[in-house]
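The values are calculated or read from the model by the stated rules, or taken from the named source; none is laboratory data. A quick note: this is a predicted structure, and the numbers were derived from the prediction, not measured. Cβ: placed from backbone, ideal geometry, glycine included. Neighbour counts: every protein chain shown.
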Amino acid sequence: MVVQKIKKFRNNTFSSLKIRNYRLYFIGQGISFSGTWMQTVAQGWLVLQLTHSGTQLGSVVALQFVPMLFLGPWGGLIVDRHNKRTILYIAQVAFGLLALAIAVLVFTGAIQIWMLYVFALLFGFVRIFDNPARQTFVAELVDAAHMKNAVSLNATENNLARAVGPSVAGVLIASVGIASCFLFNALSFLATIVTLYMMRTQELYQAPTYIKKSGELRAGFRYVWGSPLIRNTLALMAVVGAFAFEFQVSLPLLAQDTFHGGAGAYAALMSAMGAGAVVGGLFAAGRRSIASRHLVIFAFLFGASMVAVALMPTLAWAVAGMLVVGFFSINVTSLGNTMLQLEAAPLMRGRVMALWGVAMIGSTPIGGPIVGFVGEYFGGRWGLGLGGAMTILAAALAALVLLKKGAPQKISTTIESRSEEAQARNIAL
């Protein structure tokens, strides 16, 4: 009986990895994610070394996502029009060259704070296309039955990298120097390029192409506004993205100002969150049902756990608390992502997921400086606590909207029918 349960859990949790194209994507993304999290830690610590300012840290982080805030929907439109695999090729090359340039500047000692602002903006412009392409390309790697599992595993992998990357970054910063983290990130993009090349084109579930016409961007907005589930989910995630997912700002301040630690303390907090998210991701990947109430519940628990960490008396307790934060965070993002991808029509998926990017990371220019300002002038605990409190409030408001009578609730049992309905709505446009 126990052996059967273990086998069933394994089959349910890792079912998408049986698909060759997705397995290749999973491998490439895992290496690339690790490099990205190493750079995230290195960049945050570099800004604090250069400026000793939480507000400037928040501003640098925010500037990475300003292009997404204003141009994200346009990037989604481009992704809908063109081959997603090609867009990913170009984006990985661009990311790699930018990371390599920072590594050289840091290694030679020429880096200045204004340069980090410029690089942050350049990374943001590439992310306009990379983010919706990555999100929607998963739908071309697996069929509808494996969509939730693939999205959850992808999020789990990202958070496993969040656990591994910062740990390695903390060691490298202390032993070799900050430049090594940027260099590793530059090289990590090669893994994604190679695995993309190795995929079998004939096994892709490519979205249908369509003829370019005027008003497509407006049509995307009308489509989102006309779908209550998509509209309300995006509204919830916009608040969560703006104030809760500002860990690049709140955690360095918590580590340095509250617990008087160094890069190792920051890396420990990030790694703990990643480790908790890995457990949460496996839990999410093994679940078969998707419902609006699950999103609301996990959003509330996510916010409550952040508030709890903000109140922890020692670094050790805060690190333990970040395990719980990670567990709930990945359930929020994987549920929201999957609900949107299943609800959206294939021809609109790029634009819908571009708005997901605007909600989750494009909102950082709004929340990042606020969290940084609060953390600098009121203390690191307040910056993290603000994110938790706003998430609790957003979850309460979402409960009134997403769970009201007549609103769509259960998602997973109607995957095929929702796909057909979504395509019908798209044709009607």
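Here are the numbers for the structure shown:
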| item | result |
| --- | --- |
| Among the residues listed as ALA179, ALA186, the single one being within 30 Å of TYR89 (Cβ to Cβ), among the hydrophobic types (A, V, I, L, M, F, W, C), touching a residue at least 40 places away in the same chain (Cβ under 8 Å) and in contact with a Gly (Cβ under 7 Å, 6 or more places away or on another chain) | ALA186 |
| Residue check, SER152 among the polar types (S, T, N, Q), under 24 Å from LEU183 (Cα atoms) and at pLDDT below 90 | no |
| Selected residue [surrounded by fewer than 24 Cβ atoms within 10 Å (Cβ to Cβ) and either out of contact with any helix residue (DSSP H, G or I) (no Cβ under 8 Å at 6 or more places or on another chain) or closer than 30 Å to PRO365 by Cα (or both)] from VAL168, VAL240 | VAL168 |
| Output for region 276-334, where each listed residue is of a type in the set (Ser, Thr, Tyr) and crowded, with 20+ Cβ neighbours inside 10 Å | SER292, SER305, SER329, THR333, SER334 |
| Pairs where the first residue, in region 244-264, is farther than 16 Å from LEU386 by Cα and free of Cβ contacts under 8 Å to residues at least 12 places away in the same chain and the second is aliphatic (A, V, I, L, M) and outside any helix (DSSP H, G or I), C-beta under 9 Å, 6+ apart | none |
| Test: residue in region 61-72 that is part of a helix (DSSP H, G or I) and among the small types (Gly, Ala, Ser) | yes |
| Cβ-Cβ under 8 Å pairs, at least 6 apart or on other chains, region 69-92 side within 14 Å of THR136 (Cα to Cα), far side in a helix (DSSP H, G or I) and of a type in the set (Phe, Trp, Tyr) | PRO73/PHE221; GLY75/PHE129; ILE78/PHE129; VAL79/PHE129; LYS84/PHE137; ARG85/PHE137; ILE87/PHE129; LEU88/PHE137 |
| Flag if VAL138 is surrounded by fewer than 21 Cβ atoms within 10 Å (Cβ to Cβ) and either farther than 20 Å from GLY35 by Cα or within 21 Å of the chain's Cα centre (by Cα) (or both) | no |
| Residue within region 101-116 that is free of Cβ contacts under 8 Å to residues at least 40 places away in the same chain, farther than 23 Å from ASN331 by Cα and among the hydroxyl-bearing types (Ser, Thr, Tyr) present | yes |
| Among (1) buried (at least 23 other Cβ atoms within 10 Å of the Cβ); (2) among the polar types (S, T, N, Q); (3) at pLDDT below 80, the one test that SER417 misses | (1) |
| Failed criterion for ILE111 (all others in (1) buried (at least 18 other Cβ atoms within 10 Å of the Cβ); (2) assigned to a helix (DSSP H, G or I); (3) over 13 Å from the mean Cα position of the chain (by Cα); (4) among the hydrophobic types (A, V, I, L, M, F, W, C) hold) | (2) |
| ALA144 vs. criteria surrounded by 21 or more Cβ atoms within 10 Å (Cβ to Cβ), under 23 Å from LEU355 (Cα atoms) and in contact (Cβ under 8 Å) with a residue 24 or more places away in the chain | no |
| Within region 174-209, tally of residues that are at pLDDT below 80 and either polar (S, T, N, Q) or touching a helix residue (DSSP H, G or I) at 6+ places or on another chain (Cβ under 6 Å) (or both) | 3 |
